[in-house]
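Bear in mind that the values in this text are calculations on the coordinates, not laboratory data. This one's a predicted model, so the numbers in the text were calculated from it and none came from an experiment. Methodologically, a virtual Cβ is constructed for each residue, glycine included, from the backbone with ideal geometry; neighbour enumeration extends over all protein chains shown.
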Amino acid sequence: MKAKVQFYCTECGNELPKWAGQCPACHAWNTITERPAESKRKAAGSSMSVSMRESGRTSLRLPKQMKEIEATHELRFETGMNELDRVLGGGAVKGSLVLVGGAPGIGKSTLMLQICDHLCRFSKVLYVSGEESERQIKLRSERLQIHSDGLYLLSETNLEEVVEAVHSLNPDILIIDSIQTLYNGDLSTAPGSVGQVKECTMTLMQLAKGSGVTIFVIGHVNKEGSIAGPKVLEHMVDCVLYFEGEQQMAYRILRAAKNRFGATNEIGVFEMADHGLSEVPNPSEMLLDGRPQDTPGTCVTCVMEGVRPVLAEVQALLAPTSFNVPRRTSNGFDFNRAVLLLAVLEKRGGLMVSTCDAYINVIGGLSLEEPAADLAMIMALASSFRDKPIPNDLTAIGEVGLTGELRSVSALGQRLSEVRRMGFTKCLIPARSSGTLSVPDGLQLIRVKNIREALAAIL
C-alpha cells in the first residue's frame with residue numbers, strides 16, 4: 001500500500017491536498033513540500049476525559065466572571081542589554097515564550113549567550129543547544145568572556161529529554177538553540193518540518209505557562225524554504241523578535257514583529273565585533289555616520305521605530321536608461337512604493353524620470369516601511385535627476401499622495417526634537433499638521449502643500 005502523504009507550505013505552514021507551484025495563503029512560490037501523513041493519535045486530553053467520565057469524576061474548568069479574576073502586573077526582569085529590554089517592552093516577562101528569528105550566522109546565539117552573563121547573577125539558566133556540543137558552547141562563552149556559575153549547558157535534540165531536564169533542574173530561564181533541531185519522537189516527520197516545529201513549540205508554550213519559566217527560542221529563517229521557519233510560529237508565541245542586517249555589515253537591527261507585553265516595531269541596534277555584540281544607544285548617529293556632503297541624490301528623514309524616532313539617510317540614483325523598459329532597484333525601501341513615488345514625481349512634479357534607470361537605497365541596513373519617508377525619497381530622486389545637492393542641514397518628513405499632496409504624519413513633535421538634537425537646522429514638512437506643534441529652538445520649518453512647492457523651495 002502506498003504511504004499517504006501531505007503537502008504543506010514551508011513559509012506559512014498552510015496544508016494543501018496536492019502540490020502547487022504557489023501557496024494560496026501566503027502567495028510564496030516554490031515553497032510547497034511533501035511529507036508523510038502523520039498517524040492520527042488520540043489526544044491525551046480526550047482519553048483523560050473519557051476515563052474521568054467512566055470513573056464518575058468531573059473536574060471541568062468553569063467560566064469565571066471578569067470581576068472575579070485578579071489582575072496582576074506582569075513580572076519583568078532586565079536581561080542586561082538595554083537595547084534588548086527596549087525591544088521587549090522594558091524587559092523579559094516571567095513565564096513568557098520569546099521567539100528570536102533571523103538568518104543563520106546573524107548573531108542570534110551570540111546575543112542569547114551574552115545575556116546569560118547577566119541573567120545568571122540572579123537566576124538559574126539552562127542553555128539547550130541542538131547544533132553545538134557543550135564543549136563548543138564553553139569555548140564560545142570563553143571567547144565572549146562569559147563566566148557564570150548559574151549557567152547550565154545541555155546538548156540535546158529530543159524534546160522529551162529537554163522537558164525532563166527542565167523538571168529536574170527547575171531553571172528560571174530556558175534557551176533553545178534552535179527550534180528546528182528539536183524533535184518529538186511521537187511524530188514520524190523529520191526535525192525541522194512544520195509538524196515537528198509546531199508540536200515542539202506548543203509543548204514549550206505549555207511548559208512556560210505551567211511552570212512559569214521564561215523561554216527564549218531561536219529560529220532560523222531559510223529563504224529557500226527547505227526548513228520550517230519562524231513564520232509558522234508567530235501566532236503561538238508571546239514575542240517575535242527578528243534580527244535584520246547583512247552578515248558582511250557590522251551593524252545588526254533587532255526588531256519586534258509581535259509583542260503581547262509592549263509596542264511592536266520597536267528596534268534595538270547592535271554592532272558585531274570580535275568580542276560579540278555591543279549596544280548602539282544612538283542609532284541616528286550610527287545611521288548618519290559617513291554621510292556625504294554636498295552630493296546629489298541623498299536626503300535625511302526621521303521615522304518612528306516603535307516609540308523611538310530614528311534618523312535615516314535615503315539615497316537615489318537616476319541615470320539615462322539604455323533599455324526599452326527602465327530598470328528599478330530598491331534596497332531597504334518598499335519596491336511598489338518606490339515605483340508609485342516615481343510615477344507621482346513624473347506626473348505631478350514634471351520630471352521625466354521614466355527615461356531613467358532608478359536605484360534606491362537606505363543606508364545602514366534599515367528597512368523603511370512607514371510613509372513618513374515618502375517626501376525624503378521624492379527629494380532624493382529629484383536631486384539626483386537635476387544633479388543638484390540638497391542642503392546638508394535639511395531633513396524632509398511627510399507622506400506623499402497620488403495627487404502630489406503632502407499629508408501630515410504621527411508623532412511629528414518627537415521627530416522634530418530628534419532632528420534638532422542631531423544638529424539639523426531645517427526641516428521640510430507638510431503645510432497642514434494635526435494638533436499643536438512644538439518647534440525646537442534653532443529649527444526652521446519649511447511648510448509646503450505639494451511636491452511642486454517642495455521642489456521649488458529646495459531645488
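Judged by a Cβ-Cβ distance under 4.7 Å, the unpaired cysteines of the chain are CYS116, CYS120, CYS200, CYS239, CYS299, CYS302, CYS356, CYS427.
Label-to-label distance, LEU16 versus ASP441, with points set 7 angstrom from Cα along the beta-carbon direction: 6.4 nm.
The gain in end-to-end length when the ALA28 to SER322 segment is fully stretched comes to 102.6 nm, 0.36 nm per residue minus the alpha carbon separation.
When the chain is fully extended, how far beyond the present Cα-Cα distance does PHE122 get from PHE7, taking 0.36 nm per residue of separation?
Values: separation 115, 0.36 × 115 = 41.40 nm, distance 4.63 nm.
Difference between extended and current length: 36.8 nm.
Apply 1/(1 + (r/R0)^6) to the Cβ-Cβ distance of GLU78 and LYS388, taking R0 = 41 Å, and write down the FRET efficiency to the nearest 0.05. With R0 = 41 Å, the Cβ-Cβ based efficiency is 0.25. Just how far, in whole angstrom, is the range 238-297 from the range 312-387 if you go by their alpha carbon centroids? Cα centroid of the range 312-387 versus Cα centroid of the range 238-297: 23 Å apart. Largest first, the three principal axis extents of the alpha carbons in the chain are 83, 56, 53 Å in whole numbers.
Between 0 and 90 degrees, the angle of helix 412-421 with respect to the longest Cα principal axis of the chain falls at about 70 degrees.
Looking at the chain, what % of its DSSP beta bridges pair antiparallel, to the nearest 5?
Once the DSSP bridges in the chain are tallied, antiparallel ones form about 50 percent.
So if a site counts as exposed when it's one of the GluC sites (Glu not before Pro), its DSSP state isn't H, G, I, E or B, and it has at most 11 other Cβ atoms within 10 Å, what's the longest stretch of the chain without one? Please report the intermediate quantities before stating the final value.
Values: sites that count: GLU70, GLU224, GLU246.
With a cap of 11 other Cβ atoms within 10 Å, the longest stretch comes to 247-459.
When only the Cβ of Lys, Arg, Asp and Glu is charged (+1, +1, -1, -1), the dipole of the chain relative to its Cα centre reaches about 1400 debye.
Per residue and in Å³, how big is the convex hull formed by the alpha-carbon atoms of the range 75-281? Intermediate results must be reported in sequence, preceding the final value.
On the way: hull volume 23.0 nm³, N = 207.
Hull volume normalised by residue count: 111 Å³.
Counted over the range 75-281, the DSSP beta bridges are approximately 40% antiparallel.
Please order MET66, MET379, MET112, MET304 by the number of other Cβ within 10 Å, starting at the fewest.
Working: MET66 6, MET379 29, MET112 24, MET304 19.
In order of increasing Cβ crowding within 10 Å: MET66, MET304, MET112, MET379.
Three semi-axes describe the equivalent ellipsoid of the range 410-459; taken as square roots of 5 times the Cα gyration tensor eigenvalues and ordered largest first, they are 19, 14, 8 Å.
Give the shape of the range 116-184 as rounded, prolate or oblate, defined through the alpha-carbon gyration tensor: a ≥ b ≥ c are the square roots of its eigenvalues, a/c under 1.5 means rounded, and otherwise the shape is prolate if a/b is larger than b/c and oblate if not. Write out the running numbers ahead of the final one.
Details: a/c = 2.38, a/b = 1.29, b/c = 1.85.
It comes out oblate by the Cα gyration axes.
Do me a favour and compute the ellipsoid semi-axes for the range 286-458 from its Cα gyration tensor, root of five times each eigenvalue, largest one first, whole Å.
The three semi-axes for the range 286-458 are 25, 17, 15 Å.
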